[in-house]
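Following: one structure in structure tokens, then a few remarks.
The values are calculated or read from the model by the stated rules, or taken from the named source; none is laboratory data. Computed from a prediction, not measured in an experiment: that's the story for all the values here. FYI the Cβ positions are ideal-geometry reconstructions off the backbone, even for glycines, and counts take in every protein chain you see.
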Amino acid sequence: MPDLKLARLPDRTPVRIAITVSPELNRQLHAYAELYQQTYGAAESVSDLIPYILESFLDADRGFAKVRKEKLADVRPAAMVTVPRGRRHRAASDPTSTAS
């Protein structure tokens, strides 16, 4: 199999999630959508804005990002581990191997 720089693309299939929100949160979301329209001149529905609001929130949460990074490092696939050039094709039992 060729060694490509681009990793396999992640699953991009949209997932529908139904949620129930409080009346106050609903008012805030609609107020946000109104402010968004005033700011950018484009009307977007609350349901179209919610995924981006959530993504922005998660991206800004430093504690969440730190834990995710630590967990990803723990389960990093072997294919993603960098192997120094010149040692890629040596067998583990090769007595001339200088790998430690």
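Scan region 49-63 and give yes if some residue there is among the basic types (K, R), within 17 Å of the chain's Cα centre (by Cα) and outside any loop (DSSP other than H, G, I, E, B), otherwise no. Looking through region 49-63, at least one residue is among the basic types (K, R), within 17 Å of the chain's Cα centre (by Cα) and outside any loop (DSSP other than H, G, I, E, B).
Residues checked against (1) aliphatic (A, V, I, L, M); (2) modelled with pLDDT under 95; (3) in a helix (DSSP H, G or I):
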{"residue": "K5", "(1), (2), (3)": "no, yes, no"}
{"residue": "D11", "(1), (2), (3)": "no, yes, no"}
{"residue": "P14", "(1), (2), (3)": "no, yes, no"}
{"residue": "V21", "(1), (2), (3)": "yes, no, no"}
{"residue": "Q28", "(1), (2), (3)": "no, no, yes"}
{"residue": "A31", "(1), (2), (3)": "yes, no, yes"}
{"residue": "E34", "(1), (2), (3)": "no, no, yes"}
{"residue": "A42", "(1), (2), (3)": "yes, no, no"}
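Note on region 27-41: residues that are surrounded by 11 or more Cβ atoms within 10 Å (Cβ to Cβ) and not hydrophobic (A, V, I, L, M, F, W, C) amount to 7.
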